[in-house]
Amino acid sequence: MEALSAALGLVATGDPKLLGIVALSLSVSLSAVIIAAIAGLPVGALIAVGRFPGRQTLTVIVNGFMGLPAVVVGLLVYLLLSRAGPLGALGILFTPTAMVIAQAVLVMPLLAALTRQVVEDAWRQYEEQLHSLGATTIQATATLLWDTRHSLFTVLLAGFGRTIAEVGAVMIVGGNIDGVTRVMTTTIALETSKGDLPLALSLGLILVTLVLAINALAYVTREWAQRRFG
């Protein structure tokens, strides 16, 4: 109870260290989702609309990578960015940039797989109409991405929820450096092991609140879209 009281005090007073960790967490996760969305949404939509050799295999791979362990992604990115790796000359290992890359790689298959399902459902409904209008695959893909934008917003929220709560990959490539690469999840793990429960609890409360807010926003968006667009 003493630790919980102290944790609430940190949140109420806006402790600078606490706010810095939260700000870095949001910056890294949002950046990763944006990067992953730029690649993942078009790929998922093209898989849904396109008809090409290996499409089913690609679908299975994308769906399988949805459950890719975060520590495996962290290890692969670490090997790429380490001094002996092919991208070691960039010197970005143990920086927020490396954390963004790891989380983007982690969440990209999730966004692609969920986008494929959303766009494929819409494609079944509008395929004949789009064909009659002479739309190419790229035009049909762009049209369906725009038409399903409200559903895709919930997909992005799901991706953000995955990144904000992730710990394994960012700890491997970020190094959990105080004031540099320490985010909410890694700080909770470290401070708990050190016995600093107030900071760990305060970050835990904020993290749970964020996750609940994301799910609530996704639900409200989905319900609004269904009522407005059917």
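The values are calculated or read from the model by the stated rules, or taken from the named source; none is laboratory data. Everything numeric in this text was worked out from a predicted model, so none of it was measured. Don't worry about glycine lacking a Cβ; one is built from the backbone with ideal geometry, like all the others, and counts go over all protein chains shown.
Could we say that residue 74 is modelled with pLDDT under 90, small (Gly, Ala, Ser) and either under 30 Å from residue 218 (Cα atoms) or buried (at least 22 other Cβ atoms within 10 Å of the Cβ) (or both) here?
Working: modelled with pLDDT under 90: no; small (Gly, Ala, Ser): yes; either under 30 Å from residue 218 (Cα atoms) or buried (at least 22 other Cβ atoms within 10 Å of the Cβ) (or both): yes.
Criteria not met by residue 74.
The set of residues in the stretch 200-230 being surrounded by 19 or more Cβ atoms within 10 Å (Cβ to Cβ), more than 27 Å from residue 101 (Cβ to Cβ) and not small (Gly, Ala, Ser) consists of 201 alone.
Among what's in the stretch 88-112 and is over 13 Å from the mean Cα position of the chain (by Cα) and more than 18 Å from residue 24 (Cα to Cα), pick the residue that is surrounded by the fewest Cβ atoms within 10 Å (Cβ to Cβ). Break it down stepwise before answering.
Going through the stretch 88-112, the residues over 13 Å from the mean Cα position of the chain (by Cα) turn out to be 88-98.
Narrowing the set further to residues that are more than 18 Å from residue 24 (Cα to Cα) leaves 88-91.
Numbers: 88: 14, 89: 9, 90: 13, 91: 12.
Ranking the qualifying residues of the stretch 88-112, first place goes to 89.
Among the residues of this structure, residue 151 counts as one that is in contact with a helix residue (DSSP H, G or I) (Cβ under 8 Å, 6 or more places away or on another chain), within 30 Å of residue 52 (Cβ to Cβ) and either without any contact (Cβ under 8 Å) to a residue 60 or more places away in the chain or polar (S, T, N, Q) (or both).
Might you check whether a residue that is of a type in the set (Val, Ile, Thr) and either touching a residue at least 24 places away in the same chain (Cβ under 8 Å) or in a helix (DSSP H, G or I) (or both) occurs anywhere in the stretch 131-139? Yes - at least one qualifying residue is present in the stretch 131-139.
From the list 4, 8, 18, which one is buried (at least 20 other Cβ atoms within 10 Å of the Cβ) and part of a helix (DSSP H, G or I)? It would help to see each step written out before you state the result.
Values: 4 fails: buried (at least 20 other Cβ atoms within 10 Å of the Cβ); 8 fails: buried (at least 20 other Cβ atoms within 10 Å of the Cβ).
Within the list 4, 8, 18, the selection yields 18.
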